[in-house]
Amino acid sequence: MNPQASNAVTAANVDLSNCDRELVQYSGAVQPHCVLATVSETDWRIVQLSTNVQELSGRRAEDLCGRNLEELLGVDQVRQVKARIEREVLTGVPVHVIHAEIGHRQVHVFAHRIDQVLVLEIEPANSDQPVLDIYSRVRAAISRLQTTNSLQAFFEDAVAEIRELTGFDRVMAYQFLADGSGRVTAESAAPGLESYLGLHYPASDIPQPARRLFALTWLRHLPNVDYEPVPLVPAANRMTGGPLDLSYVGGRHVSVMYSKYLQNMGVKATMVMTLLKNGQLWGLVSCMNHSRPMFVPYETRMACEFLAHMVSLLMAAKQDAENYEQRLHSGKAIDLLIEAVARSGSLQVGLTSREFNLANVIECGGAALLTGDTVALIGTAPTKDAIRELGRWLSAREEQLVATDALSREFAPAASYQDVASGLLATRLSRTASDFLMWFRPEIAVSVNWAGDPRKPVEVEVLDMETRLQPRTSFALWKEEVHGRSSPWQEWEVEVVRGFRHALMEVIIERAKELERLNRELEKSNLELDSFAYVASHDLKEPLRGIHNYSALLHRSASERLSDAEKSRLETVLHLTQRMDDLIESLLQYSRVGRTELALQPVDLNGVVRSVLDLLHSRLETAKARVQLMRMPTVSCDRVRVREVFHNLILNAVKYNDSREKLVEVGYASASTPVFYVRDNGIGIEPEHLEDIFQIFKRLHARDEYGGGTGAGLTIARRTVERHGGRMWVESDPGHGSTFYFTLSPSAQLEARA
Ligand code: ADP
């Protein structure tokens, strides 16, 4: 944003309502310990100077401006500066260019380039610690830090080391949380100071502009919070015509909001270092002095900055190490589950029915597998209906993976089960279907200690006759109970789930390919078997007919010459060949069902069932059976084949029936596609035989009992139905009757199962 724009917020007009937009880099002044000079590198003339140059050199800033830099630093030192910066880009954080002497004072000179000028910062060099001593202390600190075994211990050590090195009253490690607020995670403080450990600070305590600067520079130091800012003269940088951008200037005059805030906390001096994790702002190391102002010399600052770098680097490694064990456990669970799914060929069986299940993948209270409308639950989880509803919500979202530690804030109905599922990590199993894996974490009612009431972040104070907002002045401990939150899902856990999903998808796709291959093979071998059965039975019929005919002839022509015993044997031969012919005929029919194309057309089933009843007329009359026929629909099917199905079922209903009043009901249940049934009040079937009866030549009774048969009828009927894409099954109450059901299309098959 242009700092000269009419709505720009700078040091001149900032208050709490607009401090989020304050252009803190255009404060136009520095702190007293720092002398700032900018020069144009074309002629080495001074462009702007801070007025405190007078204390250092004895000359007024106004007089020096426009003069050659040599008048401030001397010919030799300017030559040194030029030589030092010649090949440097210097567009970022200032670098130390020389240790100089101005007016018998030892100073450090730092330089960087911005806004078409070279910016020189000059600060006193009066370190009483020899550099070598600092170096060996830092080295020792780092090797100690490397050996700590928990992340917490690591931070505690780090803040203690930095306090030792600098002499501040208090050093804290401060971590930014996902919502922008922050928490003090470790602290080292002088005896007698009230502890800030565990305190939470609302997001507004560190406004956005300050965060931007934190990410820009590693270390900021404020030696005296109660300082008087030292202005730059002239106010404008003549090279650009605007104020100088002080983003990188270490001794920049800070936002009044910041110094007021520190004063309210009773702080006299601070130093803040940035902690980055994987390039992102993670937190701060914040040093405070409550007793008095304190200037930290350049050498010590370097050492601290270096330590902060090391902490940033080591922190990521420590955290990874801490997660290592859990990762190992997750990895093992995933391997076992993938194997179980591959072996069983079922997600449900593989993921939910064993000792090792979905809930072992990551730390959770419970888990669920949602496939279509089917829910499998493990552990403590919401109800099945709630999970279906959650599935619909997830389906409507684009993401492949959703992770939240405050579910009810995103999905209001979840408030009713936030005790078991404030945390949800869910991943979709296929792009098209609504199949999900879900993990749940229970609510943890956390009690947060805020530094001040977070709901009243500002206090209004009358100042200079105008109302100005101020950072809060009350730092009384303020406890807040936080509801509807679970412990957060760690980044690595989300990654683990992502990997798990990937592996599962591979298994599912492999499995589908395998099934397709098996189906193709099965289809092929079925066809081969059918044609074999057809040829074999066809070829058997010829010789069988010969045997039968010749035996019949013999029986007739030679009957006078044969003894009774011989005649009876010949009759048995005739009987057996007849039976064999029936069997071969059945086999032929069976193989024909598999081989011939169906002649599908709309068929009025009323006509079909009527013709069957006509055919069976005398049979029904002899048996004194009553048939109740419902009005039947018209469906698409092969008329001749479906007539065979009804024929077989109605005939069986009469045959296997010894009730005095035999009753056969024929009808259908209307779903979106009909489920047909033939019901009898006959002898019924024992539960263990409900599937057997559909096997070829399988009979439950002696050959001639109940009118006899080959035992192929139901096999052929079921095969016919399956060729239509339907299904046939039976329900029976032994001694009371049976009902045979069938469908003639695939969708009805699914409904029938459900
Ligand atoms: P079959 O030609 O012997 O009747 P099916 O394949 O039609 O052969 O039937 C197989 C067996 O199933 C029959 O032998 C009988 O034991 C049993 N069965 C079939 N229908 C019924 C029924 N409605 N009630 C009781 N048992 C039946």
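Of note:
Here is a yes/no grid of residues against (1) touching a strand residue (DSSP E or B) at 6+ places or on another chain (Cβ under 9 Å); (2) within 16 Å of the ligand (Cβ to nearest atom):
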site: Ala623; (1), (2): yes, yes
site: Gln628; (1), (2): yes, yes
site: His647; (1), (2): no, yes
site: Glu665; (1), (2): yes, yes
site: Ser670; (1), (2): no, no
site: Val675; (1), (2): yes, no
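- For Arg718, the requirement of being among the basic types (Lys, Arg) and either part of a loop (DSSP other than H, G, I, E, B) or out of contact with any Phe, Trp or Tyr (no Cβ under 8 Å at 6 or more places or on another chain) (or both) is not met.
- Residues in the stretch 649-661 that are near the ligand (Cβ under 7 Å from one of its atoms) and either in contact with a His (Cβ under 9 Å, 6 or more places away or on another chain) or charged (D, E, K, R) (or both): Lys655, Tyr656.
- Of the candidates Ala367, Ala342, Ala317, the single residue that is surrounded by fewer than 17 Cβ atoms within 10 Å (Cβ to Cβ) and on the phi < 0 side of the Ramachandran plot is Ala317.
- Scope the stretch 686-717; condition within 48 Å of the chain's Cα centre (by Cα) and more than 9 Å from the ligand (Cβ to nearest atom); matching residues: Pro687, Glu688, Leu690, Glu691
- Against the numbered list (1) assigned to a loop (DSSP other than H, G, I, E, B); (2) out of contact with any Phe, Trp or Tyr (no Cβ under 6 Å at 6 or more places or on another chain); (3) within 8 Å of the ligand (Cβ to nearest atom); (4) modelled with pLDDT of 90 or more, Gly682 comes up short only at (2).
- Within the option set Ile98, Ile102, being in contact with a helix residue (DSSP H, G or I) (Cβ under 8 Å, 6 or more places away or on another chain), surrounded by 13 or more Cβ atoms within 10 Å (Cβ to Cβ) and free of Cβ contacts under 8 Å to residues at least 24 places away in the same chain holds for one residue only, Ile98.
- Filter result (surrounded by fewer than 16 Cβ atoms within 10 Å (Cβ to Cβ) and either part of a loop (DSSP other than H, G, I, E, B) or away from the ligand (no atom under 13 Å from the Cβ) (or both)) within the stretch 726-740: Pro734, Gly735, His736
- Screening Trp439 with (1) exposed (fewer than 14 other Cβ atoms within 10 Å of the Cβ); (2) modelled with pLDDT of 80 or more; (3) touching a strand residue (DSSP E or B) at 6+ places or on another chain (Cβ under 7 Å) gives one miss only, at (1).
- Pairs meeting the criteria (first residue in the stretch 677-695 and without any contact (Cβ under 8 Å) to a residue 40 or more places away in the chain, second residue assigned to a strand (DSSP E or B) and near the ligand (Cβ under 10 Å from one of its atoms), beta carbons under 8 Å, at least 6 apart or on different chains) are Ile693/Val730.
- Only a single criterion out of (1) closer than 24 Å to Asp530 by Cα; (2) hydrophobic (A, V, I, L, M, F, W, C); (3) surrounded by 14 or more Cβ atoms within 10 Å (Cβ to Cβ); (4) at pLDDT below 85 is not satisfied by Leu700, namely (1).
- Of Arg631, Arg639, Arg619, all but one fail to be in contact with a helix residue (DSSP H, G or I) (Cβ under 7 Å, 6 or more places away or on another chain), under 23 Å from Val664 (Cα atoms) and surrounded by fewer than 12 Cβ atoms within 10 Å (Cβ to Cβ); the exception is Arg631.
- Helices (runs of 4 or more DSSP H) contained entirely in the stretch 333-446, each with at least 3 residues that are basic (Lys, Arg) and either within 29 Å of Arg511 (Cα to Cα) or touching a His at 6+ places or on another chain (Cβ under 6 Å) (or both): 384-396
- Filter result for Arg511 (without any contact (Cβ under 8 Å) to a residue 24 or more places away in the chain and in a helix (DSSP H, G or I)): no
The values are calculated or read from the model by the stated rules, or taken from the named source; none is laboratory data. What you see is a predicted model, and the numbers here were worked out from it, not measured in a lab. Here the Cβ is made from the backbone with ideal geometry for all residues, glycine too, and neighbour counts use every protein chain on show.
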